[in-house]
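Structure first, commentary second.
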Amino acid sequence: MAKAPESKVKTSPSKHPAARQRVALPASQSPARPARIAVAIMAAGKGTRLKSKHPKVLHEIGGKAILAHVIATAKQVVPAEDIFVIIGHEAERVREAVAGTGVNFVLQREQRGTGHALMVAREALSGNNYDQVVVLSGDAPLITPETIRSLSEFHSAQKASMTLLSADLDNPSGYGRVIRGGPLVQAIVEEKSASVRQKKIREINSGFYAFSRPDLYEHINGLSTANPHGEYYLTDMAGVFSRARKKVVAIKTSDAGEVLGSNTRAEMMMLDARLRLAKIRELLDNGVTVFYPHTCVIDSDVEVGADTVIEPFVQLLGNTKVGADCRIRSYSVIRNSVLGQNVMVRPGTIMEDSRVGSGAVLGPYSHLRPGSDVGEGAHVGNFVETKKIKLGKGSKANHLSYLGDADIGDGVNIGAGTITCNYDGVNKHTTVIEDGVFVGSDSTLVAPLKIGRGAYVAAASCITDDVPADALAFGRARQSIKEGWARQKREAQQEKHH
Ligand code: UD1
Ligand code: CA
């Protein structure tokens, strides 16, 4: 029998790796060529415990589908072409959601358990002479590339048939328990089948494994469905291998938090909180100030530059990138947008799919809808709504406006209450406002329309025709005066009362 394996994952220097470099994978002892490693991600299950019409692995934590986290991590260990995602429940939705990652998919039509998932993947994994299959759970998104590498390396070094990643949990309930016979693992017992004694074991099976691919497929038919769920459990491979005198070992993770799964909404909430807190720590480490971080919602993929200050109750979502030296004031919600440096976002600004140049000032209460491109040093003020516009350098729209489908040049002043009438009930039309134009307050600009460079639009104008450069355009009824009219009316009313 093998001697006791030194089985602890080395504490990784960074939990949420900023460094994305690929570390060379372990060479298996002999032959001398590096082990060929495939990663299988099990993501076919329904997630019954969530009581959801959406597949479990598409639920989001940290603003991103759980499965997308797992794939992103796997891609830091092996290239996408060596990753096989096993899909089944709502397979097409799941595939579509992560297709952009370039991974392979394996269809598990009927979901008859985690063991069955690997049975179905046999053919897909038979290519490329893979030596090793690393199995990840599509519902456990906090795993790090360092831990996956440690698992894989340990497995190679041990020349085991199966290596499982285990963890000591204070509350192990719900997880499979690791039954050891000395240094080797004899079996994994699922919660439902565990005896009272076994339930007291705190070392749990994390659902992450490394297998020798040839051994796995030589023995996988040893699985049966004789268990409370009537499923093929991948966990039973430990017993199957043990009985065949093949080596099964476990490596314990130093951070049990990494292996947590998301079977219930409560677990998802916990994972979400963990991930977001880790994200905020990363931002703080990078020189960002976040006040009252527990009130902020910052998604995993968000980037923020140094010396930017994020006030309470801010949401930074999706692929948002905020430059250095910005200030994001309270109640602003920014999604999939890119902000330059030194941008001031005043309270209550809502922004989606937009770009904002350096030194711009937004809000309070600006609404930048998709396609808004605000130039350097430009101002968008309170109750200004923009959509699909370019606002040039230093241009200002400070109060109460709607600017849609507009191409606005540099140094333009948009007066309070200006409206681009971009929609005729059928089609959208563009308004072009060239550099240096001054649009007086309360103007309605009926598109399609072009206002030439340096022109003036008089306040309260309704502009329906193009305005040539440097011209003044009036588009309002002429004012008329009736001298004494108000006094006469007052006097007439007073007479009535007497
Ligand atoms: C599993 C392990 C348990 C371990 C826990 C860790 C089994 C039998 N049990 O339990 O020992 O402690 O993970 O989180 O493996 N899936 C498929 N096809 C199927 C069934 C499941 O792809 O037919 C996928 C699921 O979508 C999920 C993953 O496999 O992503 C794990 O399945 P799940 O039902 O969540 O297993 P657990 O009960 O958590
Ligand atoms: Ca699970």
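The values are calculated or read from the model by the stated rules, or taken from the named source; none is laboratory data. As the structure is a computational prediction, the values presented were derived from the model and not from experiment. Positions of Cβ are backbone-derived with ideal geometry, glycine not excepted, and every protein chain shown enters the neighbour counts. Accessible surface areas use protein heavy atoms only, side chains included; no ligands, DNA or RNA. Shrake-Rupley method; radii C 1.70, N 1.55, O 1.52, S 1.80 Å.
The table that follows gives values for the structure above.
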item	result
Close pairs (6 angstrom Cβ cut-off, 6 or more residues apart or separate chains): basic (K, R) in the range 191-215, open to solvent by 20 Å² or more (accessible area, probe 1.4 Å) and part of a strand (DSSP E or B) anywhere	R202/D168
When residues of the range 52-69 are limited to those that are part of a strand (DSSP E or B) and of a type outside the set (D, E), the one least open to solvent (accessible area, probe 1.4 Å)	I61
Identity of the residue in the range 133-166, outside any helix (DSSP H, G or I) and away from ligand 2 (no atom under 16 Å from the Cβ), that ends up surrounded by the fewest Cβ atoms within 10 Å (Cβ to Cβ)	K159
The listed residue being among the hydroxyl-bearing types (S, T, Y) and either closer than 25 Å to D325 by Cα or part of a loop (DSSP other than H, G, I, E, B) (or both), out of Y402, Y365	Y365
Scope the range 99-149; condition among the β-branched types (V, I, T) and within 13 Å of ligand 1 (Cβ to nearest atom); matching residues	V106, T114, V120, V135, I143
Candidates R95, R49 - the one that is among the basic types (K, R), in a helix (DSSP H, G or I), within 16 Å of ligand 2 (Cβ to nearest atom) and over 25 Å from I298 (Cβ atoms)	R49
Residue ID - nearest to S52 (Cα to Cα), chosen from residues in the range 247-269 that are away from ligand 2 (no atom under 14 Å from the Cβ) and aliphatic (A, V, I, L, M)	M269
Scope the range 457-498; condition open to solvent by 50 Å² or more (accessible area, probe 1.4 Å) and in contact (Cβ under 8 Å) with a residue 24 or more places away in the chain; matching residues	A469
Enumeration of residues in the range 231-250 that are under 29 Å from H59 (Cα atoms) and either more than 13 Å from ligand 1 (Cβ to nearest atom) or open to solvent by 40 Å² or more (accessible area, probe 1.4 Å) (or both)	E231, Y232, D236
Check on A226, hydrophobic (A, V, I, L, M, F, W, C), within 26 Å of D139 (Cβ to Cβ) and without any contact (Cβ under 8 Å) to a residue 60 or more places away in the chain	yes
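For (1) assigned to a strand (DSSP E or B); (2) in contact with a Cys (Cβ under 6 Å, 6 or more places away or on another chain); (3) within 18 Å of V374 (Cβ to Cβ), each residue gets a yes or a no:
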position	(1), (2), (3)
T420	yes, no, yes
D435	no, no, yes
R453	no, no, no
D465	no, no, no
D470	no, no, no
A477	no, no, no
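Per-residue answers, yes or no, for (1) touching a Ser or Thr at 6+ places or on another chain (Cβ under 7 Å); (2) part of a strand (DSSP E or B); (3) buried (at least 18 other Cβ atoms within 10 Å of the Cβ):
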| position | (1), (2), (3) |
| --- | --- |
| G377 | no, no, yes |
| V380 | yes, yes, yes |
| V384 | yes, yes, yes |
| K393 | no, no, no |
